[in-house]
Every structure is written in structure tokens, then in C-alpha cells.
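For reference, the structure discussed in these notes is given below.
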Amino acid sequence: SLQGKVALVTGSTSGIGLGIARALAAAEADIMLNGFGDAGQIEALRADIAATHGVKVGYHGADISKPAQIAAMVADAAKTLGPVDILVNNAGIQFTASVEEFPDDRWDQVIAINLSGVFHGMKAAIPGMKAKGWGRIINIASAHGLVASPQKVAYVAAKHGVVGMTKVAAIELANSGVTVNAICPGWVLTPLVEKQLHDRAGREGKTLEQVTHDLVAEKQPMVKFTTPEQIGGLAVFLCSDAAATITGTPLSIDGGWTAQ
Ligand code: NAD
């Protein structure tokens, strides 16, 4: 059980982050939620997770593209719940265009959230973990942290960078009781992917059902989405004693995408 541990999950108002937050709460960790969305819906989510699992759940609206807000969120978690024991750097966005047409401001935004946000999160949380002699950092990279696809230059650059910085932090913290790993999901059906499906259906004049099959089948031998609950299960495992010597590793959960 993770009872008494405090877990901060960035981008946990939706999709994979929410699945991870729920799984950690089910394992009895107290949770700090983060992410954008309707204030009423977020409060309902916060109250639901707290009531369902009998754990403390807070929320901080830090914008992960702003380093000072990340540091303030980590400090707020420590003040209201206790020092962060488990940090899941999950917040991320996508934008697609060819390299020569990729807007500069979109490049900067994807890099700020998907790459620099992970650095600033680790930087803010590591001192507290070292002081306790225990910590788990889980960075949500992607199959795109290991292999590339066209039209995703900023995302692929950021996710490869996340895998790289995971290894650096793991080596630095190897004897401090803190492990640092990356989870590399294949396709997970979340709002981030739903947008790509709608764009593609419009572009190709196909049904949503057809493009959903095509999207998964062109990358994964296993024609099946991974669920946020399954990613949550892997995150809980990485927090367990069985995973105490797993560090600096990108763990694929991708239906065989990167086996090819
Ligand atoms: P999602 O759009 O459902 O959720 C993204 C979350 O991040 C939301 O809670 C959103 O509010 C939050 N967020 C976005 N920008 C933010 C910011 N600036 N500050 C704070 N929070 C912010 O997406 P998802 O599919 O659940 O993606 C979560 C992570 O998983 C991302 O890092 C993504 O790259 C990664 N991933 C997703 C897939 C997939 O197939 N869905 C595959 C591999 C990796």
C-alpha cells in the first residue's frame, strides 16, 4: 500500500493522468491533482476521488509551461498534504505539422510543457525526496520517445528528451532511494487522440470508426488501445518494492509498436 505517501500527478484532470491519479488513490496515496478544465468539474473530480478511496486529494492549477508555477505547486503540496513522495510528470500536448510548416510558437509551447515541464518538476521535487530517502519519479514519455512519426517534430523531440533526462536523473539519484523511470505508451484513447481522429476523419473523408482502426493498426501489431487504468497499474507497480531497482528505464506499454 502507498498509505501515507503523497503523489503529485501533473495533467490529471483528463485522460492518462486521471487514470494514474485514480490508481494511486486506490493504492491509498494522497493525491495532488493538476491540470486545466472547468472549476466545478475539477472540484467534483477531486471530491469523488477523495470519497471513493478515503484519501486526501488536493488540486493546484499550475501551468506546466511556467517554471515558477511548478515550484509553487510542489511547495503547496508539501504544505497541505506533505512532501511529494511520488511525482508523475504527465501533462502534455500535441501539435502536428511538417518541420518546414511547424509554427515557431507551437514548437515553443510543446517544448515548454512536454520537455521543460518535466525538468522543472523533477528539479522542484527531488530535494524533498532525497531528504526522506525515498521517492518515485515517473515521467510519461511515449512510443514517440523511442521512435518517430512524421508531422510530430516537437512532440518526438520532447519525448526523446524526456527519456534522456530520465536516465540522467536516475543515475544521479541511484543511491538516494529515489527511482526515475519513463512510461512509453502506445495509443491510448483520450481527448488528445480524439482530436487527431476527428482531424483525420475530416481530411480522409472516412468514418470515425474507420480512421480509429487505421490509426492503431498502422503503428501497433496489437490493434487495441491501452487504457488509462492500465497505465495507472504500471505506475502503481513502479511505486512498489518489487520495482525498487528499476531505474533509468523507458517502459513500453504499446501493443508491440516499438517491437518492430
Ligand atoms: P489529455 O489531453 O487527455 O490530458 C492532458 C492533461 O494535461 C489534461 O489534464 C490537461 O489539462 C493537462 N495540461 C495540458 N497543458 C497543461 C499545462 N500547460 N499545464 C498543466 N496541465 C496541462 O492527454 P493524454 O492523452 O491523457 O496525455 C497525457 C500524457 O500522455 C501526455 O504527456 C501525452 O504526451 C502522453 N501520451 C499519450 C498517449 C495517447 O495515446 N493518448 C500516448 C503516449 C503518450
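What do you get for Rg/Rh over the chain if you use C-alpha atoms and the Kirkwood form of Rh?
Details: Rg = 17.7 Å, Rh = 18.5 Å.
Looking at the chain, the ratio lands at 0.96.
Can you work out D for the range 119-163 in µm² s⁻¹ from Stokes-Einstein, where Rh is the Kirkwood radius over C-alpha pairs, the temperature is 37 °C and the viscosity is 0.692 mPa s? Walk me through the intermediate numbers first.
Details: Rh = 12.0 Å.
The estimated diffusion coefficient comes to 274 µm²/s.
Just check the range 214-260 against the gyration tensor rule for me: Cα atoms, a ≥ b ≥ c as the square roots of the eigenvalues, rounded for a/c under 1.5, and otherwise prolate or oblate depending on whether a/b exceeds b/c. Walk me through the intermediate numbers first.
Details: a/c = 4.25, a/b = 1.97, b/c = 2.16.
Cα axes put the range 214-260 in the oblate bin.
Tell me, what ³J(HN,Hα) does each residue in the range 247-254 have, in order and in whole Hz, if you take phi through Karplus 6.51 cos²θ - 1.76 cosθ + 1.60 with θ = phi - 60° and put x for Gly and Pro?
After applying 6.51 cos²θ - 1.76 cosθ + 1.60, I find 8, x, 10, x, 9, 7, 9, 9 Hz.
Just check the range 26-138 against the gyration tensor rule for me: Cα atoms, a ≥ b ≥ c as the square roots of the eigenvalues, rounded for a/c under 1.5, and otherwise prolate or oblate depending on whether a/b exceeds b/c. Walk me through the numbers on the way to the answer.
Numbers: a/c = 2.42, a/b = 1.49, b/c = 1.62.
In terms of gyration-tensor shape, oblate.
Under a 5 Å amide H to amide H cut-off, with H placed in plane at 1.01 Å, what residues pair with Tyr59 once short-range neighbours are removed?
Leu33
Over what distance in Å are the Cα centres of the range 118-194 and the range 201-237 separated?
21
Cross-link partners among aspartates and glutamates for Lys206, C-alpha distance below 19 Å, same-chain residues fewer than 8 apart left out?
Glu194, Asp214, Glu218
Is the shape of the range 136-252 best called rounded, prolate or oblate, per the rule: a/c under 1.5 gives rounded, else a/b larger than b/c gives prolate, else oblate, with a ≥ b ≥ c the square roots of the Cα gyration tensor eigenvalues? Please report the intermediate quantities before stating the final value.
On the way: a/c = 3.27, a/b = 2.02, b/c = 1.61.
Judged from the Cα gyration tensor, the range 136-252 comes out prolate (a/c at least 1.5, a/b above b/c).
What are the aspartates and glutamates whose alpha-carbon lies under 18 Å from the alpha-carbon of Lys5, with same-chain residues fewer than 8 places away excluded?
Hits, sequence-local ones excluded: Glu28, Asp30, Asp76, Asp85, Asp241.
Let me know the charge dipole size of the chain about its Cα centre in debye, to the nearest 20, where only the beta-carbon of Lys, Arg (+1) and Asp, Glu (-1) is charged.
Values: 20 positive and 23 negative charges, 116 e Å.
So the dipole magnitude of the chain works out to roughly 560 debye.
Please list 3J(HN,Hα) in residue order for the range 232-240, calculated via the Karplus relation 6.51 cos²θ - 1.76 cosθ + 1.60 where θ = phi - 60°; whole Hz, with x for glycine and proline.
Per-residue couplings from phi come out as x, x, 5, 5, 4, 4, 5, 8, 7 Hz.
Taking the range 173-213, which GluC sites (Glu not before Pro) meet the DSSP loop condition and have no more than 16 other C-beta atoms within 10 Å?
Values: sites: Glu194, Glu204, Glu209; in loops: none.
Qualifying residues, ordered by number: none.
For the full complex of protein chains and a 1.4 angstrom probe, list Arg203, Arg106, Arg136, Arg46 by accessible area with the highest value first.
Values: Arg203 170, Arg106 95, Arg136 10, Arg46 60 Å².
I get Arg203, Arg106, Arg46, Arg136, largest accessible area first.
Using 7 Å Cα-to-Cβ label points, what is the Ser98/Lys66 separation (nm, one decimal)?
Distance between the two pseudo-spin positions: 3.7 nm.
For Val223, what residues show an amide H to amide H distance below 5 Å, using hydrogens built from the backbone and excluding near sequence neighbours?
Close amide H contacts, sequence-distant or interchain: none at all.
Quick one: how many lysine pairs does the range 68-174 have with C-alpha atoms less than 25 Å apart and a gap of 8 or more or different chains? Give me the count, please.
10
Given only helices, namely DSSP H runs of n ≥ 4 each adding -39500 (n - 2.57), what is the per-residue ellipticity at 222 nm of the chain, to the nearest 500 deg cm²/dmol? Show your work: numbers first, answer last.
Values: 9 runs with 119 residues, N = 260.
Helix-only estimate at 222 nm: -14500 deg cm²/dmol.
How far, in nm, would the chain grow between Ser1 and Ile253 when pulled straight, counting 0.36 nm per residue and subtracting the alpha carbon separation?
Working: separation 252, 0.36 × 252 = 90.72 nm, distance 2.31 nm.
Value of the extension gain: 88.4 nm.
Between Gln41 and Ala131, what is 0.36 nm times their sequence separation minus the Cα-Cα distance? Round to one decimal in nm. Mind dumping the intermediate values first?
On the way: separation 90, 0.36 × 90 = 32.40 nm, distance 3.55 nm.
Gain on stretching Gln41 to Ala131: 28.9 nm.
The values are calculated or read from the model by the stated rules, or taken from the named source; none is laboratory data. Quick caveat, the model's predicted, so the values are computed rather than measured. Here Cβ is always computed from backbone atoms with ideal geometry, including for glycine, and neighbour counts include all displayed protein chains. For accessibility, only protein heavy atoms count, side chains too; no ligands or nucleic acids. Shrake-Rupley method; radii C 1.70, N 1.55, O 1.52, S 1.80 Å.
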